[in-house]
Amino acid sequence: MKYPEIRNFIGGEWIDAGGLKTLPVNSPLDGTLLSAVPLSGNSELDMAVAAANKAFTSWSRTSVKERVQVFFRYKQLLEKKITELSSLISEENGKTNGEAYAEIEKSIELTEFACSLPPLITGELLEVSRGIECRTERVAIGVVASIVPFNFPAMVPHWTIPNALALGNCMVLKPSEKVPLSSCRLAELLKEAGLPPGVFNIVHGDAELAAAICDHPGIKAVSFVGSTRVAKFIYRRATHNFKRCLALGGAKNHLLVLPDANTGMTAQNIVASMSGCAGQRCMAASAMVAIGNIDHIIQRICEEARKIIPGKNLGAVINKAAKERIEKYITDAEKEGASILVDGRHAEVEGKPGGFYVGATVIDHVQPHMAVAREEIFGPVISIMRTETLEEAMAIENASPYGNAASVFTEHGGYAKYVIEKASAGMIGVNVGVPVPREPFSFGGWNESRFGAGDITGKSSIEFWTQLKKTTVKWNPESGVNWMS
């Protein structure tokens, strides 16, 4: 193994697996064995929750201005270590170096937002009656948990870690067992930044550990990011146990392209959206609706897609099973009558026979009932459906059970406004292939792309990670008796 066996991080210390069953961690780039990750159970989770609970008393009473100082220092460490962290992400996830670097840059931005929290959570104070004041303040919930996916080993953990901790909570993180190395490095940097022991803990494991987190009586809130199938399970189980839960699921993002769209910009945006991070992101372009005659744009999309070369500007997919699943979607669409304009099946990278690669794929004349048009593929594949009118295109978008994102490509303001108003998605783009809001605006979809109230980042996250305390005070007896006393 290239790296030592993964350990849990509990109470500020690394804890040996102690005979736990382990899974291999292989690099998607070339199959290299990187490490082994332990499959922790209830006893390890109990230890982490106990450590977090012990730390909560002191950490929650620390002023928010003092808490964010840790994240000022942590942000500087992320900036200092960005090259190292990028290499580690690329190695364990399969991203290109540029994509991994951008992921750390986004993690830094998310941390910056946490540093800005003090003025955003100031309470309110009002004299509501003569001599009587009411005050509100936001206070931490307690011990919380975050269950994160493989596709962004650093960025998605930063959707929760900085805000939840800066707001006074203590956390147990369960990373994906496919990419555990990056989270461990983040724990080391948080410790170096001065985060007290027990405020942040990592317990490694699989689906059984995720279920145990939902069941644990010491955990007050759970956030999850992953597939819709698992998001539903996590949300049901956590809320059944009377926990707060925000579970983000999958997506089938529709890009609506009109004939007046700028050809070059549209093609470049669509291909970058469908192939970035090998299509393994919930904001990837997955379904395109061609409105009217846009053959000239589709031709340019194919030209741009052929410039995406596995191993150069296209990373690997996470494992063999993912590669086989993605290629099966393409093959099934072809059997059902769709046209494969650019075929990414059977991609190989010289010198990396153990890697898992799927090339950029463009499929035309897809019908809305086909699996490739309805289901989340999570690969560098764009499915093109054709309609004559914008209304028909919107009907296709609205029929999707998901609701993360939708974008329209046009030079016509009226068409753009129509899509903005009618699209059933939480994040809308106009001539933008990946309409992810930047901080302080929050990330979050609709429908079966999100279960629970609010969003996971930005200002909206404050309400999820805190609870509102209301205080009414009367000191001066000379103010007399009134209906409030």
Original post:
N319 to H369: FRET efficiency via 1/(1 + (r/R0)^6), r the Cβ-Cβ distance, R0 22 Å, to the nearest 0.05?
Top reply: 0.15
Original post:
Considering region 11-112, what Rg and Dmax in Å follow from its alpha-carbon atoms?
Top reply: 17.4, 48
Original post:
How far is it, in nm, from the label point at K21 to the one at D206 when both lie 7 Å from their Cα along the line to the Cβ?
Top reply: 0.6 nm
Subject >> Kirkwood hydrodynamic radius of region 93-221, Cα pairs, Å >> reply: 16.4 Å
**OP:** Could you tell me the distance between the Cα centroids of region 1-40 and region 97-128, to the nearest Å?
**Re:** 31 Å
**OP:** Quickly work out the R345-to-K65 label distance, labels modelled 7 Å from Cα along the C-beta direction, and quote it in nm with one decimal.
**Re:** 6.4 nm
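At 222 nm, what value in deg cm²/dmol follows for the chain if DSSP H runs of at least 4 each add -39500 (n - 2.57) and the sum is divided by all its residues, to the nearest 500?
-12000 deg cm²/dmol
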Subject >> Scaled radius of gyration (Cα, divided by 2.2 N^0.38 Å) that region 336-400 gives >> reply: 1.37
Original post:
Where does helix 263-275 land angle-wise versus the long Cα axis of the chain, in degrees 0 to 90, nearest 10?
Top reply: 60 degrees
Original post:
Where the centre of each part is set by its Cα atoms, how far does region 342-410 sit from region 312-330, in angstrom?
Top reply: 14 Å
**OP:** Based on other C-beta atoms within 10 Å, arrange C170, C184, C302 from fewest to most.
**Re:** C302, C184, C170
**OP:** Could you tell me which trypsin sites (Lys or Arg not before Pro) in region 307-373 are loop residues by DSSP with no more than 16 other beta carbons within 10 angstrom of their beta carbon?
**Re:** K307, K312, R345
**OP:** Figure the gain on full extension for K54 and N398 (residue separation times 0.36 nm, minus the Cα-Cα span) and round it to one decimal in nm.
**Re:** 119.1 nm
Original post:
Just the projected area, averaged over all directions, of the convex hull on the alpha carbon atoms of region 351-485: how many nm²?
Top reply: 16.6 nm²
**OP:** With just the Cα atoms of region 253-430, tell me how far they stretch along each of the three principal axes, in Å, largest first.
**Re:** 51, 30, 30
Subject >> Gain on full stretching of the segment that runs from D215 to E334 - 0.36 nm per residue minus C-alpha separation >> reply: 38.4 nm
Original post:
Residues with amide H under 5 Å of V222's amide H, sequence separation 5 or more or different chain, H placed in the peptide plane at 1.01 Å from N; which?
Top reply: A145, R244, C245, L246
Original post:
Helix 42-61 versus the longest principal axis of the chain: what angle, 0 to 90°, nearest 10, using Cα atoms?
Top reply: 60 degrees
Original post:
Quick one: putting +1 on the C-beta of Lys and Arg, -1 on the C-beta of Asp and Glu, what dipole do you get for region 253-430 around its Cα centre, in Debye to the nearest 20?
Top reply: 600 debye
Subject >> For region 336-345, 3J(HN,Hα) per residue [Karplus equation, 6.51 cos²θ - 1.76 cosθ + 1.60, θ = phi - 60°, Hz, x = Gly/Pro] >> reply: 7, x, 6, 9, 8, 7, 10, 10, x, 5
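For T136, T361, T228, T389, which order do you get if you count the other beta carbons within 10 Å of each Cβ and list the fewest first? Walk me through the intermediate numbers first.
Numbers: T136 13, T361 29, T228 22, T389 10.
Fewest-to-most ranking of T136, T361, T228, T389: T389, T136, T228, T361.
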Original post:
Could you put S129, S58 in order, starting from the residue whose Cβ has the fewest other Cβ atoms within 10 Å?
Top reply: S58, S129
**OP:** Give the span of the chain's Cα atoms along each principal axis, as three whole-Å numbers ordered largest to smallest.
**Re:** 81, 58, 40
Original post:
With each label point set 7 Å from Cα along the Cα-Cβ vector, what nm distance links V473 and Q268?
Top reply: 5.8 nm
Subject >> Full-extension gain in nm, N241 to E133, via 0.36 nm per residue minus C-alpha separation >> reply: 35.3 nm
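Laboratory data are not the source of any read-out in this text; all were calculated from the coordinates shown. No experiment lies behind these values; they were computed from the predicted model shown. Here the Cβ is made from the backbone with ideal geometry for all residues, glycine too, and neighbour counts use every protein chain on show.
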